[in-house]
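Heads up: the structure comes next, in structure tokens.
The values are calculated or read from the model by the stated rules, or taken from the named source; none is laboratory data. Just so it is clear, the model here is predicted, and its values are computed rather than measured. So basically every Cβ, Gly included, is an ideal-geometry build from the backbone, and we count neighbours across all protein chains shown.
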């Protein structure tokens, strides 16, 4: 039993269930972030401070945990996506950097995070998350990817006049291409994972905007708080009823 617990990762196995919950979580991040910053009129800066505090707390619980706990893991994912939403909006709108500039800066930060992680640990695969230090690289990279995804979603939907439905179709098509690469090519699985992880965020961002933006802006005009509550309930139901298990380290023999 001790050997098994040591070999099991603290992040879930990447399956269809993982991607379903990930997309739901990123959509919740958009509606939840907007609910706090806009519907509650707290502004992007204060909302970012609030979500940053939540992120620090939940990631501390996750990193110090002894094994994989689905609710704990997905709580951190939701924290990164809500914080990513308000951080991106603060940079793009409040600081006046714009969607293009914000996306470029965040892409550089994400690539830098991956490069430092690889240089330090020799790999950026989620199969190598075997220590608290590696896990901190993992969560830092995820936070950058979530923030970048928000900026990309807004850049595509707003800057180019494509709209939220068009943006969702573009990012959905991008994910389909990545899935085809996974099943029909020998492209690095690590590269495909991070590409898919990044693209699910703008997909969720455009879906979230589609739900809560006014009708005259191409949205469905749902209340942000109501949309967030519904998404949270669906995520909880998925965690409770859809199977998840910890990922396994390279070379580990499967257990019966």
Inside the stretch 129-149, can you point out the residues that are assigned to a helix (DSSP H, G or I) and over 19 Å from the mean Cα position of the chain (by Cα)? 132, 133
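So that you can scan it fast, the table gives a plain yes or no per residue for (1) without any contact (Cβ under 8 Å) to a residue 60 or more places away in the chain; (2) over 19 Å from residue 212 (Cα atoms); (3) over 20 Å from the mean Cα position of the chain (by Cα):
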{"position": "151", "(1), (2), (3)": "no, no, no"}
{"position": "158", "(1), (2), (3)": "yes, no, yes"}
{"position": "162", "(1), (2), (3)": "yes, no, yes"}
{"position": "166", "(1), (2), (3)": "yes, no, yes"}
{"position": "169", "(1), (2), (3)": "yes, no, no"}
{"position": "172", "(1), (2), (3)": "yes, yes, no"}
{"position": "178", "(1), (2), (3)": "yes, yes, no"}
{"position": "184", "(1), (2), (3)": "yes, yes, yes"}
Is it the case, given these coordinates, that residue 82 is crowded, with 20+ Cβ neighbours inside 10 Å, modelled with pLDDT of 85 or more and either in a helix (DSSP H, G or I) or touching a strand residue (DSSP E or B) at 6+ places or on another chain (Cβ under 8 Å) (or both)? yes
If you go through 85, 31, 80, the only one that is closer than 18 Å to residue 225 by Cα and within 13 Å of the chain's Cα centre (by Cα) is 85
Tally the residues that are more than 20 Å from residue 26 (Cα to Cα), in contact (Cβ under 8 Å) with a residue 24 or more places away in the chain and surrounded by fewer than 17 Cβ atoms within 10 Å (Cβ to Cβ), restricting the search to the stretch 99-113. 1
Quickly run through the stretch 235-249 and pick out the residues that are at pLDDT 95 or above and either in contact with a helix residue (DSSP H, G or I) (Cβ under 6 Å, 6 or more places away or on another chain) or surrounded by 15 or more Cβ atoms within 10 Å (Cβ to Cβ) (or both). 235, 238, 239
Being within 16 Å of residue 146 (Cα to Cα) and modelled with pLDDT under 85, is that true of even one residue in the stretch 191-200? no
Per the list (1) within 18 Å of the chain's Cα centre (by Cα); (2) in contact (Cβ under 8 Å) with a residue 60 or more places away in the chain, residue check on residue 16 breaks on (2)
Please work out if residue 29 is within 15 Å of residue 143 (Cβ to Cβ) and in contact (Cβ under 8 Å) with a residue 24 or more places away in the chain. yes
Within the stretch 55-79, considering residues that are part of a loop (DSSP other than H, G, I, E, B) and free of Cβ contacts under 8 Å to residues at least 60 places away in the same chain, the one farthest from residue 237 (Cα to Cα): 65
Filtered residues of the stretch 114-124 (kept if buried (at least 16 other Cβ atoms within 10 Å of the Cβ) and in a helix (DSSP H, G or I)): 114, 117, 121
What residue, of 223, 228, is farther than 22 Å from residue 11 by Cα, in contact with a helix residue (DSSP H, G or I) (Cβ under 9 Å, 6 or more places away or on another chain) and modelled with pLDDT of 90 or more? 228
Exactly one of 88, 104, 60, 65 is touching a strand residue (DSSP E or B) at 6+ places or on another chain (Cβ under 8 Å) and over 25 Å from residue 189 (Cβ atoms), and that residue is 65
